1. Dividing the alpha-carbon Rg of the range 324-391 by 2.2 N^0.38 Å yields what?
2. Of the peptides 263-272, 194-203, how do they stack up when ordered by the mean number of other Cβ atoms within 10 Å, highest first?
3. Could you tell me the accessible area of residue 440 in Å² (1.4 Å probe, neighbours in place), rounded to the nearest ten?
4. Tell me, what is the 1.4 Å probe accessible area of residue 326, in Å² to the nearest 10?
5. How much FRET efficiency would the formula 1/(1 + (r/R0)^6) give for residue 120 and residue 392, where r is the Cβ-Cβ distance and R0 is 41 Å, rounded to 0.05?
6. At a probe radius of 1.4 Å, what is the per-residue accessible area of residue 556, in Å² to the nearest 10?
7. Within the set 440/485; 414/454; 290/440, which residue pairs have Cα atoms separated by over 18 Å?
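The values are calculated or read from the model by the stated rules, or taken from the named source; none is laboratory data. Quick caveat: nothing in here was measured; it's all calculated off a predicted structure. Every residue, glycine as well, gets a Cβ built from its backbone with ideal geometry; the counts of neighbours run over all protein chains shown. Each accessible area value is taken on the protein alone, full model and side chains, heavy atoms only, with ligands, DNA and RNA left out. Shrake-Rupley method; radii C 1.70, N 1.55, O 1.52, S 1.80 Å.
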Amino acid sequence: MPTPWNRLFCDMLPAAQKPQQKKGTTGMDSSTSSTGASARRRTRPDTDASDSAPLRHTDDGPDAPASSDAAEATVSIGSFQRSQTRRHGRPENIGALSENPRVERQMQQLCNELESNTRKIVSLSNLANRPEGKGNGARIAALRLRQRQLTIQLKDCMRMLDPNLSGTVMERAKSPATADLEQTAFRVWEDYQRTQKASWSKYLWTILSGGIAYGIPFGTGTMLARGLERPYLVLLAGPLHTLAEPLWSMVRATTWTNPASEAYTGRQRARARANGDAWRYLANVPPKTKMLWIDPVSGKRVLLTAAQALATNQELWLWLHKMVSDDLPFFIFSMLYSAKNVLGDIYGPALFDRTTPEGMRNDLLAQFSDGFICGATSMLLGQLIRRLIATSTGGVQVVTKRVHDWHLQATYLKSYAEDIKDMLATGSVPEDDARLLRAKLREVETELVKASAKSTLAGSIGYEYSVMFQAKRLASNTDPDTPGKRLDTFCNMLGKTTTLLPSLGATYLCQPFGKSPDRMTRMIAHLVVPFSLVTWPGFAMRTELQDWYRSLFGACKGVASAMRAGCCCNGDDADDDAGFASDDSDGEEAPGMPADSDAGSGRAVDIEPDGGASAPNGTNSDGDSDDDGDGDGDGVLWLAADAPRAES
């Protein structure tokens, strides 16, 4: 949906760029139709006609007013700006309209100066008809020149806030039907988010999600291991936990994000790349600036080398906040499993004697019930802890979209894509606008694929698994905690399976002590196994082990690249991709790297918010594909204060 500054920018367009009247309409103004009024209410602020008169083309320049009266009525922006910031009356709240307050403060200054400039032009124009105002022509011309300069600066700020709406050609491409579909989808989605965030039923869905999170992986592995008396079958829980993660993520009505955990995982890509760069350095292959870092204060985008990226945040701080919300709740399993095992020593060994049908039934039912309760409790605790530390980590509450919401979005995107194609088919679109429309069309079609897939239950599940096994990070999952790439998925499976080995070893070691005639020996044996399941190096260490596997893979890629560079004796090959794909949005590519020597020099490269075109995905100069796991050209290192995911 357009932001307030989008709507302001639309008002400032030259008349030639305004939407033309559709064929088949009557001669009356389009505002008389309900559809036109609805679209204008959606895209224009509540200002009177004198506040929104457009600039017109004249001989003085493309942005020069047609007359002095038109110039004086051009921008009465102060009333609009004040209407938008009435809720933020204090000076320190200026710029609180969006997530880029620095640019908005600059825009407000431009608006104020533009309004002051307009008042001066009005005053001098009123004096022009009097004898004392005959010599003000040069001053009026200078003021109008300054007005055009301020307008251009305001447009530049608008492009920084939303480069896809440059010249509002994207808005002009929308037909009234598409605008109505967009408004309907937006209204339904906003109402649903507001309802879910205020409802207590979200906690019930979280509890159910936690129960499913246990039942599918650990329930299956544990039941098979205990029922068949094959303890090693519990290792199935590792890959099953990774594969089933999208299922319980979709069950939750709301999810509290933990940017610290996401940034900690992002450091894995940087560390893997840094390990590979260490080996490439031996072959005189310079490190590449492949890691995107976004300054949380200024919003500036910078490409860094892997070593530079690792220095942008505090790993200990990230690990502590990840551990508190993602690892500590799992100790509920250790406590309840220990209590269940001790019941056999209190009520007698016959209670859970798996050699008898009654004992086997009691053991399996008690194990599954405890696990289900533990899973539900740990999931609820994890979400509550994330909510508690959200002020420190920058976490936000994300609402999971229903199938109905995805269907409405898919309908709107399909109509929007057809409108863009129709506009391009006319052949009368300027080249710059056509380039923007083609880029927007690719973005809309990518979003349409996702929305169409998630419009059905089976398609939604299939889409989540397709993202988990994609070779390049082109699309994003519903839950940011799930793996977003094929290498991530495999390393996640290996890490979780490895963390189950200490518990499996403790099970085999404690089996003889569990049959001891001494009660204290049996109780100790029954307590060791549950705590070894979670305690480090148990399941609580799964993320760290995943990091180790990724680092090992990155080092191996670095060795291969160094050997290839040494054998070919030509150093590093030329860059094929000259860019990167950002994984902070759903398949949207970040601006490309400048095509100069900085691309492979190991120096940080600045990226302007509105500079560069989207770069294609390709192979890297050292022979690494985007599926290398060592930075992969698409790593985005977010500081813990950022909240990169705003929609699920």
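1. On the way: Rg = 15.5 Å, N = 68, 2.2 N^0.38 = 10.9 Å.
Scaled against compact globular proteins, the figure is 1.42.
2. 263-272, 194-203
3. Result for residue 440: roughly 40 Å² accessible.
4. Roll a 1.4 Å probe over it and residue 326 shows about 20 Å².
5. So the FRET efficiency works out to roughly 0.25.
6. 80
7. Distance filter (> 18 Å) returns 440/485; 290/440.
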